[in-house]
Amino acid sequence: MTSISSRRLRKELNEIQAEGCPTGITLLSADNFESWFFSIEILGESLYQGEVFKLMFRFDSNYPISAPAVQFVVDEDSTAPVHPHVYSNGHICASILGNEWSPVLSVSAVCVTLQSMLASCKSKERPVDNDRYVRYAPDNPKKTRFHYDGKRSMR
Amino acid sequence: MAQRQVPTISDLRVKLCYICREEERHDTPDDPPRAWTHPCKCTLIAHESCLLQWIQTSQQNRSRAPNALKCPQCSTVYELESDNPVILRLLDAANRGLSTMGKVVTIASVTVVVVSLGTGMYILSTAYGAYALKEFLGAEMYDLLLTEDPTNWPWHCYLNLPLIPLALIVSRLPFNSSVTPLVPLLLAWPTSTPVWNNKRIVLDRWGIPMAPQREMFPLLPSWPPPPVLLGLFIYPSVRIIYNRLFTQFSRWVLNLQPEATDTAQRMILALEDDDPFLRIRINANGEERNGQPQPNGQGQQERGAGAANNNPDPDAVAPDAAAAAENTIRVSGTSLGRLIGGALIIPRISSVMGTLLYRLSKYSLLLRRFLAVRPPLTPDIRPSLMGSMIDEEAWRKMSPVKRLGVAGLLGLSVAWRGTPVWAECDPVWWRNSLGLGLFTVAKDCLHLLHLWLAKRELQSRRVKSKSFEGVDVGELDLINPAVYAAPRHP
C-alpha cells in the first residue's frame, strides 16, 4: 500500500500532466515523489521580464500535512530572482511555505503564488539580512524559522 | 409544502478529501468505510482521520497552532467534539500547572546560581577592598574608619570596598590611563566619620607632635596634602609630568633620535621603531619574560615600554596596529593574570614601601617632617567629626546666621582635608603613596637598565676573528708566502 503522500503526489502529477501547468510554469522533472523541478517565468509587465527561474520542490513522507520545501535552484545555469523575500541561495521567505501552509494548497497553487509574488515586486533587491542568512543557512529552507512580519508576509 | 431539506455530506455524489485528494463515489463506497466530515461553511470536505491528523500536527507546531482549527478557505473555526471527562480536564490542568511551575523553578534556580556567584564575587571584592584599605591607610586609621568588625562599617563601605579591586584593575587596563589606582583608596574615605570602637590598637611609634592651632584655620593648606587634593590633582599631574620626563630620559639613555610625539606610549613605540636591532632584541626579551613571569607590580608608567615588550611582530605592523595588537595580547592568557595580579598587589607594595620609608625616617628629622609622621593617638581620645574648633557652649551662643557660616566652613574643611581622623592620625596613606611612587620609579629605572644593557650588548657584538691555525698554508693565497712557509719538523 502506497503512502498518503505518494498517492496524493501521484494525483497532483496526473492533474498537471492532464490539464497542464498554469501559464508561465513548466514541469521540468518529477521522476520520484521526493523532488520535483519546475521552470517559472513571469508573463506580462514585471521587473522579471525575460527571466526564467528554476523551482525545486522537496516532499517528505508527511506531505500534505507538512509543507513541501520549496526554493529556487541556484547553479551554473540558473539563479534566484532578486526579490526582497528571496535569498541569494534560493531560499524563499513566504508564509504559505511555513505557518500558513495548508493541505488545501498544492504544488501548482504554490507555483502560482510564487509567480504572483514576483509579479507584484516593486523593487529588485535582496533581503536586508541576505549575507548573514546565506552564510549560516541550512540546506533545507524548512529548517529555517522565517519571521513573517506584516511587511513580508504573503497572502 | 414540505420543508426544504438541507443536504449533508452523505448526499454528495463524489466526495473529495481536500487533504489526501482521495475520491469516493456514492455508488462505490470504500471498503472498509471511512468517515467523512464537512467541518466548515464552504465546500471543502475531508476524511475525518485526515483532518484530525492535520489538526493534531498543526497544534504541535507553535507557529501553525493558531491556524490549526480553521478552514484554510473560509476560515471557519472547526468545532471538535470529544469525550473529555472531568478527570481528564483536571489532569490536563494539573499538567499545565506543573509545567508552569517547572518554568518558575528553572528561572529560580538560574537566578540562585547567578545571585550566589555574584554574592561570592561581591564578598570577595569587599574583603579584598578592606584588606587593601588596611594596607594603605595603616592599622590605626583603619581601626578608626572601619574596624575589623563589619557590623561597625558605615553603609557606604559596601559600595566603596568592592569597587576597590575593580578600580585597581581598570586603572591598569591599557586603554584607560586616566584612572589612577590610588583614587578609590584615597577619595572615598576622607569624609567618612570615625566608627566607635573601644579597643583601639596603640602602636609603638615615634613622631612629631602636631601643632594644635591647625584646627583654628581649617582652610589653610596643610601638610601632608589633603587626600582629596592628592588623589584628584597631585597624583595625576605628577604622573603625566613623570611620564614625559622619563620618556625623555629613556631616549637620552638609549641614545635615540628625539621625535615629536604626544603620548609616552607612542613615543616609546616610536623609540622601538628607530632601532631595529634593539627592537628584535626586545622581542626576544619579551618572550623570555612571558615564559617566566617576574615578580612584577607594574605601575602606570611602564605601560608604554611594556607595550613594545609584548608586541609579537612589530616588523610586520605599523605602530598603531602594534598598539592595537598589544591591547588584545594584554587581555588574554598569562598577560591577564599578570594584569590582575599586578593590580591587586598595588596596596601591598605601597604598604611595604611606606613601611620602608617610615623605618628610614627614624634616622632623619627632615624625612620625618616630610612624611608628617605623628605619634599614635592616645586610646581615650577619639577624633570628633567637628574637630575641637567649637564647643557646644560657643555653638549655643551663636546667632543662626553665624551658625550657618560656621557650619559651611566646617563642611568645606571636611571636604578639603577630610575629617579630623585624616588630619590627626599618623598619615600612613601619605608615605604609602610616596612609597608606591618610588617603587614605580625604581621599577622603570630597572626596566630602562635592562633595555640599555640589551642594546649595549647588541652594539658591542663582534664575531671573533681567529688565525689560520690548523689550515694548510699551501691552500691559502698569501701576499708573502715565504714568511708562512710550513716549518718542517725534523
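Annotation: of all residues in the stretch A:119-141 being touching a Leu at 6+ places or on another chain (Cβ under 8 Å) and crowded, with 18+ Cβ neighbours inside 10 Å, the one that is farthest from the other protein chains (Cβ to nearest Cβ) is A:C121. Here A:L9, A:L47, A:L43 are screened, and the one residue that is more than 14 Å from chain B (Cβ to nearest Cβ) and either over 30 Å from A:Y136 (Cβ atoms) or out of contact with any helix residue (DSSP H, G or I) (no Cβ under 9 Å at 6 or more places or on another chain) (or both) is A:L43.
Conditions tested, residue by residue: (1) at pLDDT below 90; (2) touching a helix residue (DSSP H, G or I) at 6+ places or on another chain (Cβ under 8 Å); (3) closer than 29 Å to B:I19 by Cβ.
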position	(1), (2), (3)
A:M56	no, no, yes
A:D75	yes, no, no
A:V107	no, yes, yes
A:Q115	no, no, yes
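In the set (1) closer than 18 Å to B:S75 by Cα; (2) within 12 Å of chain A (Cβ to nearest Cβ); (3) in contact with a Ser or Thr (Cβ under 9 Å, 6 or more places away or on another chain), the condition left unmet by B:H38 is number (2).
Residue-wise test of (1) assigned to a helix (DSSP H, G or I); (2) within 11 Å of chain A (Cβ to nearest Cβ); (3) within 22 Å of A:A67 (Cβ to Cβ).
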| position | (1), (2), (3) |
| --- | --- |
| B:R21 | no, yes, yes |
| B:P33 | no, no, no |
| B:I55 | yes, yes, yes |
| B:S58 | yes, yes, yes |
| B:A94 | yes, no, no |
| B:S99 | yes, no, no |
| B:T111 | yes, no, no |
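Pairs linking a residue in the stretch A:59-81 that is within 14 Å of chain B (Cβ to nearest Cβ) to a residue that is outside any loop (DSSP other than H, G, I, E, B) and of a type in the set (S, T, Y), with Cβ atoms under 6 Å and 6 or more positions apart or on different chains, are A:S61/A:S5; A:Y63/A:S5; A:I65/B:T57. Contact map, the stretch A:38-54: residues that are under 15 Å from A:S78 (Cβ atoms) paired with residues that are surrounded by fewer than 17 Cβ atoms within 10 Å (Cβ to Cβ) and among the acidic types (D, E), Cβ distance under 7 Å, separation 6+ or inter-chain. Pairs shown: A:E41/A:E51. Of all residues in the stretch B:38-51, those that are surrounded by fewer than 17 Cβ atoms within 10 Å (Cβ to Cβ) and not in a loop (DSSP other than H, G, I, E, B) total 2. Applying the set (1) surrounded by fewer than 16 Cβ atoms within 10 Å (Cβ to Cβ); (2) within 30 Å of B:R359 (Cβ to Cβ); (3) hydrophobic (A, V, I, L, M, F, W, C) to B:L434 leaves exactly one unmet item: (1). Considering only residues that are buried (at least 22 other Cβ atoms within 10 Å of the Cβ) and out of contact with any Phe, Trp or Tyr (no Cβ under 6 Å at 6 or more places or on another chain), which ones fall in the stretch A:64-82? Selection gives A:P64, A:Q71. Taking the listed residues A:S108, A:S102, the one that is surrounded by 17 or more Cβ atoms within 10 Å (Cβ to Cβ), without any contact (Cβ under 8 Å) to a residue 24 or more places away in the chain and within 14 Å of another protein chain (Cβ to nearest Cβ) is A:S102, with no other qualifying.
Kindly indicate whether A:A94 is within 14 Å of another protein chain (Cβ to nearest Cβ), surrounded by 14 or more Cβ atoms within 10 Å (Cβ to Cβ) and without any contact (Cβ under 8 Å) to a residue 24 or more places away in the chain. Criteria not met by A:A94.
Whether a residue is surrounded by 15 or more Cβ atoms within 10 Å (Cβ to Cβ) and either at pLDDT below 90 or touching a Lys or Arg at 6+ places or on another chain (Cβ under 7 Å) (or both) was assessed, and B:T147 passes this test.
The values are calculated or read from the model by the stated rules, or taken from the named source; none is laboratory data. These numbers come from a predicted model, not from an experiment. Please note: Cβ atoms are built from the backbone with ideal geometry, for glycine as well, and neighbour counts cover all protein chains shown.
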